[in-house]
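Visitor: The structure that follows is given in the form of structure tokens.
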Amino acid sequence: VQPAAGIAERDEPLRHDLLSPYQHGTSPVHRLPATAKLVGALGFVLVVALVRGPAWGVYAIAAGALTAYAAISRVAPGTLLTRLLLVEPFAIGVALLSLLQPGGAMVFLTLLSRSTLCLFCFVLVSATTRFSDLLAALLALRVPRLLVTSLALTHRYLFVLIEESGRMRRARASRTFTRGRWLDWRLSATVIAQLFIRSSERAERIYAAMCARGWTHDGA
Amino acid sequence: VHIPDGFLDAKTALVSGGIAATGVAVAVRSVSRTIPASRVPLIGVASAFVFAAQMLNFPVAGGTSGHLIGAVLAAVLLGPSAAVLVMTSVLTLQCFLFADGGVTALGANLFNMAIVAPVVGYVVYRLASGALGNTRRGVLVGTALGAWCSTVAAAISCAGQLALSRTAAWSITFPAMVGVHALIGVGEAVITTMVVAAVARARPELIAERGIESPRARYADLAGYGVLISIGLAIFVEPFASNRPDGLERVAARLGFAQHAAPSPAIASPLHDYAVPGLGSAVASTVVAGAIGIVVAFTLAYLLARFLAPRGAAGGGNR
């Protein structure tokens, strides 16, 4: 969706490319089973995040492994780096707290390298695995079906609802000529409330549609 | 705050993961037993709603902006167990898809934002709105108080987890996290209350039904979450709050020792003699400070509710 000039300049959430991490490809790592990738990523993150102290050797090997994976996947490096930079500020923010204690610089560097490696690992997995395959992997790993159904629906309707809220904001912006902070808050609250009411009505229609396609409570 | 990977050590990650998994299991069981099949899709769509609502930014002072967290909003609109599932979906999706919040820290993040935040918020909401006779205004006062308390409670728990992992000292994380989140909580309270007020205007029955769960199941679940939250806070926060220098070492040693075995004895053991040594003037001053805080918070929440629900507003059995 290309936002129209002017009014829609505040509608950054509509950047779908940022919300869909999957980069289509046919490389060997794309074709690996999702369960293997998920379990592998979990193992990787467990080792990197939980190994004691600054273990630079481990971090170097881990970085090498991730770079190799990225190279095999043939996803554009720019895309991967952009995604990494987008998620990095959260980690830096929390890591800054550690600078305020004695010997904090070392702790800061350790935290930063660990979290960057883990972030990059999941950036890579989500770039090379379809979300539906990830969900199937979760089911295979015995995550309760209710939770997986709920994740699937969340992912499916996330985009629908973001667009809906974007349309509501645009409609509002085209009718609101004065602007104040309090008014902004009140109107946004109304938008959120309407979004909830529409969501709960939509859920009823979705249920009817699911039943019409033969859905049962324990899933099929 | 979503804790990223690498900020928690093994014992904290394992313990919080275990508690969070138990809490989510309680919620899954409760929801699949008490919610009619026709409402199951609502859990997923409501998660998408919370996710989308979190992307709407509000201008705050000085060019910065904030967004809704939504735990208490979900709890007020859907009920506590449904809110636990909604927040679990949101956080899991953010973690796996957008690398927002670490995978090893997912348990800790779930504990803080999918269990502590909605459950604490819901309990405060029900107590406060019940005390005001479940009027429209009472619901709004309860929502405001619940939203503030839930934000601060989640921040305290997060500070404890970071300190227990020795990422940063408790003396730094506690004031930093709680100070910032006391302010964020005010914003969360205002926006959550305004949304609930708007829903109550448009669809009063959604508020009056108090969520989609059956009330009977709710109390048993709340007791279950209460036990889990107490265990969690006893492990994450109590060692620091009691000012006993050996508390951290003791918990660490016990948990480190018990890591291979079943985690349950390790969780229960730190509880037995903690409550006694701290009693005294420190407790009295804490109680006084807490009482003053509650009065101030209640007054603010009441003023907000009065502003949003003027006399004569329809529905909810007004006075």
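The values are calculated or read from the model by the stated rules, or taken from the named source; none is laboratory data. Please read all numbers here as calculations on a predicted model, not as lab measurements. Counting neighbours? That spans all protein chains shown, and the Cβs are built from the backbone with ideal geometry, glycine included.
Visitor: Give region A:99-137 a look and list any residue that's within 22 Å of A:G25 (Cα to Cα) and facing chain B (nearest Cβ under 9 Å), or say none.
Guide: Answer for region A:99-137, where residues must be within 22 Å of A:G25 (Cα to Cα) and facing chain B (nearest Cβ under 9 Å): A:L119, A:F120, A:C121, A:F122, A:V123, A:V125, A:S126, A:F131, A:L134.
Visitor: Could you go through region A:133-156 and let me know if any residue there is closer than 18 Å to B:L162 by Cβ, in a helix (DSSP H, G or I), within 19 Å of the chain's Cα centre (by Cα) and touching a residue at least 24 places away in the same chain (Cβ under 8 Å).
Guide: Scanning region A:133-156 turns up no residue that is closer than 18 Å to B:L162 by Cβ, in a helix (DSSP H, G or I), within 19 Å of the chain's Cα centre (by Cα) and touching a residue at least 24 places away in the same chain (Cβ under 8 Å).
Visitor: Turning to a different aspect of this structure: Let me confirm something: among B:V50, B:V26, B:V31, which residue is outside any loop (DSSP other than H, G, I, E, B) and in contact with a Ser or Thr (Cβ under 7 Å, 6 or more places away or on another chain)?
Guide: Of the residues listed, the single one that is outside any loop (DSSP other than H, G, I, E, B) and in contact with a Ser or Thr (Cβ under 7 Å, 6 or more places away or on another chain) is B:V31.
Visitor: Take the residues in region A:87-98 that are surrounded by 13 or more Cβ atoms within 10 Å (Cβ to Cβ) and more than 8 Å from chain B (Cβ to nearest Cβ); name whichever of them is farthest from A:V29 (Cα to Cα).
Guide: Checking each candidate, the answer is A:L96.
Conditions tested, residue by residue: (1) in a helix (DSSP H, G or I); (2) at pLDDT 85 or above.
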{"site": "A:D17", "(1), (2)": "yes, no"}
{"site": "A:H24", "(1), (2)": "no, no"}
{"site": "A:L38", "(1), (2)": "yes, yes"}
{"site": "A:P54", "(1), (2)": "no, no"}
{"site": "A:G64", "(1), (2)": "yes, yes"}
{"site": "A:G78", "(1), (2)": "yes, no"}
{"site": "A:R83", "(1), (2)": "yes, no"}
{"site": "A:L99", "(1), (2)": "yes, no"}
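Visitor: Name the single residue, out of those in region B:167-202 being surrounded by fewer than 19 Cβ atoms within 10 Å (Cβ to Cβ) and either of a type in the set (G, A, S) or at the interface with chain A (Cβ under 9 Å from one of its Cβ atoms) (or both), that is nearest to A:G53 (Cα to Cα).
Guide: Among those that are surrounded by fewer than 19 Cβ atoms within 10 Å (Cβ to Cβ) and either of a type in the set (G, A, S) or at the interface with chain A (Cβ under 9 Å from one of its Cβ atoms) (or both), it is B:A169.
Visitor: Then there's this: State whether the residues of region B:70-86 include one that is surrounded by fewer than 24 Cβ atoms within 10 Å (Cβ to Cβ) and facing chain A (nearest Cβ under 8 Å).
Guide: No, there is no match, as no residue in region B:70-86 is surrounded by fewer than 24 Cβ atoms within 10 Å (Cβ to Cβ) and facing chain A (nearest Cβ under 8 Å).
Visitor: Scan region A:170-178 and tell me whether some residue there is within 30 Å of B:G66 (Cβ to Cβ) and at the interface with another protein chain (Cβ under 7 Å from one of its Cβ atoms).
Guide: No; the residues of region A:170-178 include none that is within 30 Å of B:G66 (Cβ to Cβ) and at the interface with another protein chain (Cβ under 7 Å from one of its Cβ atoms).
Visitor: Now, a different point. Return the residues of region B:15-39 that are surrounded by fewer than 24 Cβ atoms within 10 Å (Cβ to Cβ) and in contact with a Pro (Cβ under 7 Å, 6 or more places away or on another chain); say none if nothing qualifies.
Guide: Matches in region B:15-39: B:G18, B:V28.
Visitor: Could you count how many residues in region B:203-226 are loosely packed, with under 14 Cβ neighbours inside 10 Å and either part of a helix (DSSP H, G or I) or among the β-branched types (V, I, T) (or both)?
Guide: 7
Visitor: Inside region A:64-86, can you point out the residues that are surrounded by 13 or more Cβ atoms within 10 Å (Cβ to Cβ), without any contact (Cβ under 8 Å) to a residue 40 or more places away in the chain and under 18 Å from the mean Cα position of the chain (by Cα)?
Guide: A:L81, A:T82, A:L84
Visitor: Output the residues belonging to region B:41-55 that are more than 7 Å from chain A (Cβ to nearest Cβ) and either in contact (Cβ under 8 Å) with a residue 60 or more places away in the chain or surrounded by fewer than 23 Cβ atoms within 10 Å (Cβ to Cβ) (or both).
Guide: Within region B:41-55, just B:Q54 meets the criteria.
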